[in-house]
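Right, one structure below, let's go through it.
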Amino acid sequence: MFDLCTSLSRMRPAEDIKALLEVPKKVLITMHQKPDADAMGSSLALYHFLVLKGHSVLVLSPTNFPSFLNWMPGCDQVLDFESSRDKALSLMKGTEILFCLDFNALYRTRGLATYLEKLDCPKVLIDHHPQPEEVFDYGISDPEASSSAQLVYEFIYRIGGESLINEPIAQCLYAGTMTDTGSFRFASTSPRVHRMVADLMDRGLKHEPIHQAIYDHYLENRLRFFGNALLNHMEVFYEFNTALISIPFSDVRRWDLQAGDTEGLVNLPFSIQGIRFSALIIDYDSEVKLSFRSKGDFDVNLFARKYFHGGGHINASGGRSGESLEKTVSLFRKALEENRKLLE
Ligand code: 5GP
Ligand code: MN
């Protein structure tokens, strides 16, 4: 029914885990650090599903998650490894199956990575980032998929569990897919995605409250920060069809930015005609974080890997820099020059 690809020979198809899930197991689900709605939505959908199947399930996030996800069913069950390390390590003992959602390399779980590596149990990947690490025993790795949430939905079907898809599961799946597709507008919004959403609606999903919970929950502060960023910190390089927003640490402090407050900012320059590449660079003092987005075939996964120790997808990626904001911006400009042929 679904066209899934498991791209690594070492990795067995995720549905081969079905036999192991026939009896109650101790399951650990984890996601990438600073999880977004897809990481949380896919993890919590799988959590609700596995609990309904009688398993004992721990959901562990490497860090805290943004407050715009506080509505998500089950989010109060998510343990933050950074702030509850000892508790997490104790609860992880005896894990029989590990599910890794919405990331493809263990380092993306930050301090948790070494402990995940040591777990002596099958490791299952459900993810849509290209080029996964070869540490997973089972999995679905499908870069064509819109979101990890879509892949969890398809996994549930693949193991014949669709009768268990209830409202909380549908809400989590919808949130992950809606956000990773830019509200169903990016190229990854395939017929598979629309069929999934139709199915979830048939099962009782109400979509409007989810849009409101995610997009309409911010404080005035965040909108004013956006306004200031666009007015004072955006440069447009028309010769490269590129826009750059660079935020100094003084702004992070001034606007008291919290996890999730910058979500969406990097997409705004695309409303300028001709812009095909958008970058957001934020100085968090401890590190400089970069976000990249593109329209069309400029591969920002390659760009992030090559210049900024990062990765992601062809049209959405991120990275980091150990340099100052000014130096990072100048490195970015140099990288633009090097990519002139691909961008002009
Ligand atoms: P964002 O810009 O929202 O932080 O990230 C966009 C995409 O790039 C996400 O799919 C995320 O997984 C990926 N990404 C962000 N930062 C990094 C990074 O430092 N390393 C890698 N490999 N991927 C990243
Ligand atoms: Mn995702």
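Can you confirm whether THR95 is touching a Cys at 6+ places or on another chain (Cβ under 6 Å), part of a loop (DSSP other than H, G, I, E, B) and not charged (D, E, K, R)? Talk me through it step by step, then tell me what you get.
Numbers: touching a Cys at 6+ places or on another chain (Cβ under 6 Å): yes; part of a loop (DSSP other than H, G, I, E, B): yes; not charged (D, E, K, R): yes.
Judged against the criteria, THR95 is a match.
Restricting attention to the range 24-35, the residues that are buried (at least 23 other Cβ atoms within 10 Å of the Cβ) and either near ligand 2 (Cβ under 9 Å from one of its atoms) or free of Cβ contacts under 8 Å to residues at least 40 places away in the same chain (or both) total 1. Of the residues making up the range 69-99, those that are of a type in the set (A, V, I, L, M, F, W, C) and either touching a Phe, Trp or Tyr at 6+ places or on another chain (Cβ under 7 Å) or open to solvent by 10 Å² or more (accessible area, probe 1.4 Å) (or both) are TRP71, CYS75, VAL78, LEU79, ALA88, LEU89, LEU91, MET92. One residue alone among ASP137, ASP102, ASP76 is within 14 Å of the chain's Cα centre (by Cα) and acidic (Asp, Glu), and that residue is ASP102. Each residue in the range 107-153 was checked for being within 12 Å of ligand 2 (Cβ to nearest atom), in contact with a strand residue (DSSP E or B) (Cβ under 7 Å, 6 or more places away or on another chain) and not in a helix (DSSP H, G or I), and 3 pass.
Counting only helices (runs of 4 or more DSSP H) that sit completely within the range 288-344, those holding 1 or more residues that are in the same structural domain as GLN273 (by TED's automatic domain parsing) and acidic (Asp, Glu) correspond to 325-338.
Restricting attention to the range 192-244 and to residues that are closer than 20 Å to ASP256 by Cβ and polar (S, T, N, Q), the residue that is farthest from the chain's Cα centre (by Cα) turns out to be ASN232. Filtered by the rule that a residue be in contact (Cβ under 8 Å) with a residue 40 or more places away in the chain and open to solvent by less than 50 Å² (accessible area, probe 1.4 Å), the range 211-222 gives ALA213, ILE214.
Filter the range 260-293 for residues that are open to solvent by less than 10 Å² (accessible area, probe 1.4 Å) and away from ligand 2 (no atom under 16 Å from the Cβ) and give the result.
Our first condition is that a residue be open to solvent by less than 10 Å² (accessible area, probe 1.4 Å); within the range 260-293, this holds for 265-266, 269, 275, 277-282, 288, 290, 292.
Scanning the range 260-293 gives LEU265, PRO269, ILE275, PHE277, SER278, ALA279, LEU280, ILE281, ILE282, VAL288, LEU290.
Quick check on the range 44-56. Is at least one of its residues crowded, with 22+ Cβ neighbours inside 10 Å and touching a Ser or Thr at 6+ places or on another chain (Cβ under 7 Å)? No - not one qualifying residue is present in the range 44-56. Taking residues in the range 295-319 that are on the phi < 0 side of the Ramachandran plot, and partners anywhere that are more than 8 Å from ligand 1 (Cβ to nearest atom) and of a type in the set (Asp, Glu), the pairs with Cβ atoms closer than 8 Å and at least 6 places apart or on different chains are ILE314/ASP297; ILE314/ASP299.
Considering only the range 159-186, state which residues are within 16 Å of ligand 2 (Cβ to nearest atom) and free of Cβ contacts under 8 Å to residues at least 40 places away in the same chain. Reasoning before the result, please.
Going through the range 159-186, the residues within 16 Å of ligand 2 (Cβ to nearest atom) turn out to be 172-186.
If the condition is that a residue be within 16 Å of ligand 2 (Cβ to nearest atom) and free of Cβ contacts under 8 Å to residues at least 40 places away in the same chain, then THR181, SER183, PHE184, ARG185 are the ones that fit.
Condition check: within 15 Å of ligand 1 (Cβ to nearest atom) and at pLDDT 95 or above. Does LYS306 satisfy that?
On the way: within 15 Å of ligand 1 (Cβ to nearest atom): yes; at pLDDT 95 or above: yes.
For LYS306, the condition - within 15 Å of ligand 1 (Cβ to nearest atom) and at pLDDT 95 or above - is met.
The values are calculated or read from the model by the stated rules, or taken from the named source; none is laboratory data. From a predicted model like this one, the values you see are computed outputs, not experimental measurements. As a convention, Cβ positions derive from the backbone with ideal geometry for all residues, glycine included, and neighbour counts pool all protein chains shown. These accessible areas exclude ligands, DNA and RNA; they are computed on the full protein's heavy atoms, side chains included. Shrake-Rupley method; radii C 1.70, N 1.55, O 1.52, S 1.80 Å.
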